[in-house]
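Worksheet: one structure, shown below.
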Amino acid sequence: MSLIYKFKNQIISIVLSLISLLAVVILIIIPAFRSINSINKEIKQQEEELENRLAMGLNAKKIKDDLNEIEAYVGDIDKIFLEKESELEMITRLEALASANGVEASIRPDFKIQNFSNDAGKLPLSMTISGNYPQIIKFINSLDCQEYYYNIDNANLSRVARGKDSSIVSLDVSGSLFIKK
């Protein structure tokens, strides 16, 4: 009997040990594992959020630097806009420019200013320039060097046959000027 008694005690000890081990696993290890996974997910979310904030901070710094760089050109940009009510002066300047370059100019402004923004608008302006090819190119270069900005939308160059002198060409240009309101 003593052998059965010892064997029973060992079996009971093993069963109690297994039950204790199972209780430890169920009551301590599984909740701890779940808690660790939950904390791991929170850490990953915070890491992504911090990376996004860092990227936004770096982007804000770049935007600020770009703004500072652009602000230096604001005065230059204002110079390309015509002042309100200076359309006639502009046409006179174009006629003088054409005369200085030895070409004939027929200037056709459309005084309906198209809204561009709250402070500025576009003034459509078409021209027909006649002269020889080098003179027309010189006129275009002179036009490009002016303080105001004439945006050419369309240009059409054609030869005009006039008696003996067939070297005369005609340039039809349509575009717009920017004007302050």
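The values are calculated or read from the model by the stated rules, or taken from the named source; none is laboratory data. Model, not experiment: these values are computed from the prediction. Note that we place each Cβ from the backbone using ideal geometry, even for glycine, and neighbour counts take in every protein chain shown.
Table: residues versus (1) farther than 13 Å from Tyr150 by Cα; (2) touching a residue at least 12 places away in the same chain (Cβ under 8 Å); (3) assigned by TED's automatic domain parsing to the domain that holds Tyr150.
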site: Ser99; (1), (2), (3): yes, no, yes
site: Gly102; (1), (2), (3): yes, yes, yes
site: Ala105; (1), (2), (3): yes, yes, yes
site: Arg108; (1), (2), (3): yes, yes, yes
site: Ser126; (1), (2), (3): no, yes, yes
*Might you let me know whether the range 59-80 holds any residue that is surrounded by 10 or more Cβ atoms within 10 Å (Cβ to Cβ), small (Gly, Ala, Ser) and not assigned by TED's automatic domain parsing to the domain that holds Gly121?*
yes
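Determine, yes or no, whether Glu83 is at pLDDT below 85 and either of a type outside the set (Val, Ile, Thr) or under 40 Å from the mean Cα position of the chain (by Cα) (or both).
Working: at pLDDT below 85: yes; either of a type outside the set (Val, Ile, Thr) or under 40 Å from the mean Cα position of the chain (by Cα) (or both): yes.
In short, yes.
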*How many of the residues making up the range 112-145 are modelled with pLDDT under 80 and either more than 36 Å from the chain's Cα centre (by Cα) or assigned to a loop (DSSP other than H, G, I, E, B) (or both)?*
6
*Quick one: in the range 163-181, of everything that is of a type in the set (D, E, K, R) and surrounded by 10 or more Cβ atoms within 10 Å (Cβ to Cβ), which residue is modelled with the highest pLDDT?*
Asp172
*Only one of Ser106, Ser99, Ser130 is over 19 Å from Lys180 (Cα atoms) and crowded, with 16+ Cβ neighbours inside 10 Å; which?*
Ser130
